[in-house]
Each structure stands twice: as structure tokens, then as C-alpha cells.
């Protein structure tokens, strides 16, 4: 049916295939949106509505050096002559072109209320006034010199430009956002100076790599500044045309009296400041964001300033991390570098091909401009040659004119007798008598000589493409010198993804572990100070025949090293241990560590940092001792790492921290002990077996170890399994 032509019945009704009609109508609609509304052109970086607004302002002589005109006047011209759409849509577009927080380099200079970063609406178009910025005029420069194609407006009554000459790569400089049918674009703004440097680099080095180009253009530069965290998204966007970058607000923590404050001075691009503050307040009210007592917006003409006051005793760094995680103080910006190419077809560009398309457009514009100026110069030279020739024989020329009865006859006589062209003859007839003066005659000769030089130069340029590129480079450098300003957005080399532990406040915990491997952490404030006769509080509930083996106090961010009887090491932070209360049993350590069957924890060490000058001393039942630098254990895996290689019938008894200058005290099951200088044991690698630390009897095994300070006057308490104990001074 799709191949059948529509036929009319006797009533004049045409039968058509609804499927085919829907497909064709939707295709026409989608192409109209893609080409005529939603996507920018890679050459001038503008959509049709932006192009028509700027052209209308030029036609009104609404330039940067002229008085402002009412916005309604410009909008009326745009919708009446070039853009048959609603005035609200046109005015909204013009407003955005005037907002310094929306465009990196505004194209419209607005006077009046043009909205704010808080989302305030602009004043009505009858109240505001506009004119072009000087940089916007650079997009239209030379448009009258036949440099770009024109086409009819919507009613064929006027001609409008289909593209602008664009002296700089506006698409990258100001970026663009648009949603078409089945496709979308989101190109971030960039720094004008950096983009121009990239253009010049391509012109001078056409075979340059993308990596070389990225050195010139390190990343987007947003009008609202902020910080881009990580470079992967930038590299992906510049090389493949798509990428996601993380954009973060700029905040500083300051101390004021007895509390801290977070001062936010820059927020991510396109984030509404008022809604950001409102969302923070909502999170605080719903108790999803704790530690904040008040928020103030102290922004003014001098700049943005949001003050977030932290509660006493709270950690401002933790609160700031939560703000980045839960609010729009950190957002993702998805880059998609989609634009129309010179054939009006949508295409995804990498950064080099995008700049190459602009350079090719500029080459075409400069070439057409030179051709236009050459024609104009040759026409002028032709007239001047006629005037010079007439002045050289002025008496005969005057006589010929005087004897002619009519202007047309005089023109014909001049052409016949002196071989003048029609244009030359007309110029002679229109020449004023003052030109007969010697000074005026010399001006004609000088002007002719100057124009001859111009003609030669233009022909030379048109014959050598390298000179056209030199002109492009010169114009780009002029734009850069006049309009470029320093980069606003900083780029952080590393991505700052927020870890869970960054969101955990520092809190003192009591860690309890039992012999059968149950562990928990309890907030220290669950225990209260009691008087001398107090009964005490229960610290842990244990199963029958179980007992507490470890109890110590540590911060939630303290690192714990768990050494097992099989010589393996696991690394866990306190806040990852199961939270319990005083009467709970806790949870099995197997829920926290990947222990094998019959593997038990024999020692827990607290570590604030992995200092290379500290050591871990480990001892086994068979008397094997080993010393390893603490820094060797700084990168364990979830499955654990080998801390000491043990024999099959041997088990690790204990592990202790040392500074390398202490004594080691070892006790055995049969009541024997030995004390020796730690220096007698050399430091070994992680997987080493160790050396013999004590000679044991046939049935004897090691039961304990202590690290002793040589200058200490402390005592050692030894207890037997039947409950007998004694205390002995260590110097014995």
C-alpha cells in the first residue's frame, strides 16, 4: 500500500495510508526541530533564534556604542520579521543571552532586571533595555561583505543570514544546551583565551594530537566558577564527544568564636542558589543532615556568600562532606558535543573536529571577504584611473562636455573620443570643480596608488591559503587580547568521591571482644562515672563458658589490625564494627572478617598511621618470633594478607606494636620466661617465617608476650590456670 498513489473518490475524498502519513509527518517535524530550533550550528555556535535576535539588533543599529533600546522593540522586530514564534520565547532567549551567570561571555548587554541566580524572573520586556555586547558584534562582523549565505524569511519578504561569520569559536566559548527529537546536546562553556590558543595550535600544527590540544584547553570554564573534580570525564568528552564531569561548590571552613562555619562562595553551574539553600534547610529539618544550626545567605554585589553555621562540638569537615553528597553543592554535568555540521546534519564532534569545522568556516568567510574587497577595490581603481586620465586632458574633456546638449550625449561623446567606460564617463560628469585643484588631483593619484597596492595584496592572499590562515590567526589573537579573561573554574586532578567513613563523625567507642569471637562497639557515653562504692555497670552479655578477651577504647576512625592464629592480617576501622549496647552479646567476628574454619583472632592492634619507624612483633606457640615494619601492613585486602607464614602445627599467640628500641618478654606454659633486646630480631618481610625466639621443653608452648620499655620500673603479673598469681618487677 505504501507504493500506491492516493486516489480521490467521487466525493473528492483522498484515501491515504495512515502509517505512511504518520511516518512522513513525524519525520518532517523531527527534522524541523533538529535543524530549525534545538541544535546549534558548529560554525557560529548559535541556534536560529539566537542568530535572528543578533541580526535584528544589528539591523536596528543596537550596537554596544549606541544607546540602549527597549527589549520589546527588539522582540517585536524579531517576531515580526524573522522568527514567527511567541514573544515570550524570544524574550526568554534574549534574557539568557544577557545573564552573566548563564553565559560565560554574554552576547547581550542588558539594563534593568534580567533575573538572578536565585531563579528570580526578569522584568517584563517593556521595562528592560538591551544592546549588543562588543563581543557579540564580532559574530556579525563582515556580514555585509557577501561572506555568508542568506535565505528568505518566513514570508519571503526579507533576506536573513543562514549562518554568521563568527570571528571566534562561539560554540565552545559559550556552550549550548538543546533537546531535539531523539537527540540532545549539552556543550559546556570554555575560556575564550584557551579555546583561541587551541584554534591557533591546530592552524599551526594540523596534524596535532588530541592530547596536545587538551594541554591548551584543559577543561570547561563555567561562569559560576566551581571546581571540576577529576579529568576522566573531560578526556572522554574531548576525545569521544561524550563524558560526565563532577562539578563541586567552593567552600571554606572558618572558626568563629567557639564554633565553626562553612562559607560557600561558588556553586555549580545552573544550580539555583535559593533552591539549594532551601534543600539544605529541608534536610536539616528532616534530620537527614545533622550538625547545622543555621544558614544565612549573605550574597551581595561583591559576590556570593552562603554561611552555614555548625553546631558546637560538631566536625565541620564531616558536615561539608555530607553537603556535597546529599545536596546540589556537587552535581554531575553530562557533556554531549552534538551540533549541526556545514551540511545541516547533526553530528557528534570531538574537540579537535569541532575546532577544525570552525577554522574551515573562517577560511571560507575570509576568502569570500577578500573576493568582495578585491571586486570593490578594482571598481574603485577603475573610476580613479578615469578621473586621473580626465585631469590629464581636462581642457579637451571640458570642451567636449560644453558642446554637448544633453547629459547622455556628453557621456557618449566622452566614451567615444577618450575611450572612457560608461562608469568612468559618469564619474567625470559628476566630478566637482574643486577636484581641478592641484592638491585634489594629488589625492586622486595617491588613492589610486594605495588601491593598486591593496589589489596586489588581496590577489596575493587569495593565491596562498597560508596567508588566509595568517589572517585568521591575527584576528583570533586580536579577539583574545581584547576580550579574554582568567579562568574561573578550577580543575582538580583527582576525583573526590565521598567515602562512607568521611561521613562518620569522630566518636569515642568501647570495643569488646570475647573468646569465642563475638565483637561489638559501644558509645563511651553509655558508661557514667560512679563514686567509690558504686556497683559498676555490665559491659557485655556473654554465652555460657565464654568470656571477654579484649576491651579497649578507640575513635570511630581508628584502624584496627586483626591478627589470626594462622598468621593472617585483616584491616577494619572501628565504625565498621557492629554497634551494640552494654547488655548485647555483639555479633560473630566472621560477619566482619573473612575468616576460614577454625581461624581465630589472637591480637588486635590500634593504629593511627602506618609509621615506617614502628614495628609489629609477632610470636607463635612454638617460640618463632618475627618483627616487621608497620608500613608493610598499610594496604591489606578484604580477604586478608599474610602477616607471618606459620608451620601447620603452629599458631600465632600474640602481636604487639613496638618502636624498635624495647625489650621482648616471653612466658611459657611451664612457667619459664625469657627477656631479650628487640634489636636481636632483625626486621623481615611480610611473608617471612621468622626466627627462633625461645627454646622450649618437649611439652612446653609459649603462652604470652609483652613489649617492655627498658627504662620502665613496672611489674609483670603472671597468673596460672588454677588462679595463682604473682607480680614481679621487670628489672628482675
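Since every read-out is calculated from the coordinates, none of them should be taken as a lab result. None of these values were measured; they are calculated from a predicted model. Cβ placement follows ideal geometry from the backbone for every residue including glycine, while neighbour counts extend to all protein chains displayed.
Considering only alpha-carbon pairs that sit under 8 angstrom and 6 or more positions apart, the relative contact order computed for the stretch 360-483 is 40 percent. Given the C-alpha centroids of the stretch 671-696 and the stretch 583-620, what is the distance between them in whole angstrom? Centre-to-centre distance over Cα atoms comes out at 21 Å.
Compared with the dominant Cα axis of the chain, that is its longest principal axis, helix 48-59 is turned about 50°. Look at the Cα gyration tensor of the stretch 250-328: its axes a ≥ b ≥ c give a/c of at least 1.5 with a/b at or below b/c, and that counts as oblate. Using the Cα gyration tensor of the stretch 609-732, with a ≥ b ≥ c the square roots of its eigenvalues, what is the shape: rounded (a/c below 1.5), prolate (a/b larger than b/c) or oblate (neither)? Cα axes put the stretch 609-732 in the oblate bin. Dividing the summed -39500 (n - 2.57) terms of all DSSP H runs of n ≥ 4 by the residue count of the chain sets its mean residue ellipticity at 222 nm at -10000 deg cm²/dmol.
Kirkwood hydrodynamic radius computed over the stretch 360-483 comes to 16.9 Å, based on all pairs of distinct alpha carbons. Considering only alpha-carbon pairs that sit under 8 angstrom and 6 or more positions apart, the relative contact order computed for the stretch 234-380 is 29 percent.
Between the stretch 705-732 and the stretch 270-332, the C-alpha centres lie 55 angstrom from each other. In the stretch 159-239 the Cα-Cα distances spread across 10 Å bins starting at 0 as 15, 42, 33, 10, 1 percent of all pairs. Going by neighbour counts of Cβ atoms within 10 Å, the residues 361, 557 line up, fewest first, as 557, 361. Relative contact order of the chain: 9 percent, from C-alpha pairs under 8 Å at least 6 residues apart in sequence. Against the chain, whose longest principal axis comes from its Cα atoms, helix 273-285 is set at around 20 degrees.
Against the chain, whose longest principal axis comes from its Cα atoms, helix 351-392 is set at around 20 degrees.
Ranked for footprinting exposure by Cβ neighbours inside 10 Å, fewest first, 560, 524 give 524, 560. Among 457, 571, sorting on how many other beta-carbon atoms sit within 10 Å of each Cβ, with the fewest leading, yields 457, 571. For the stretch 107-137 versus the stretch 632-659, the spacing of their alpha-carbon centroids is 69 Å. Shape analysis of the chain based on the Cα gyration tensor places the equivalent ellipsoid semi-axes at 85, 31, 26 Å, largest first. How would the stretch 39-166 be classified by its alpha-carbon gyration tensor: rounded, prolate or oblate, with rounded meaning a/c under 1.5 and the a/b versus b/c comparison settling the rest? Prolate, because a/c is 1.5 or more and a/b exceeds b/c.
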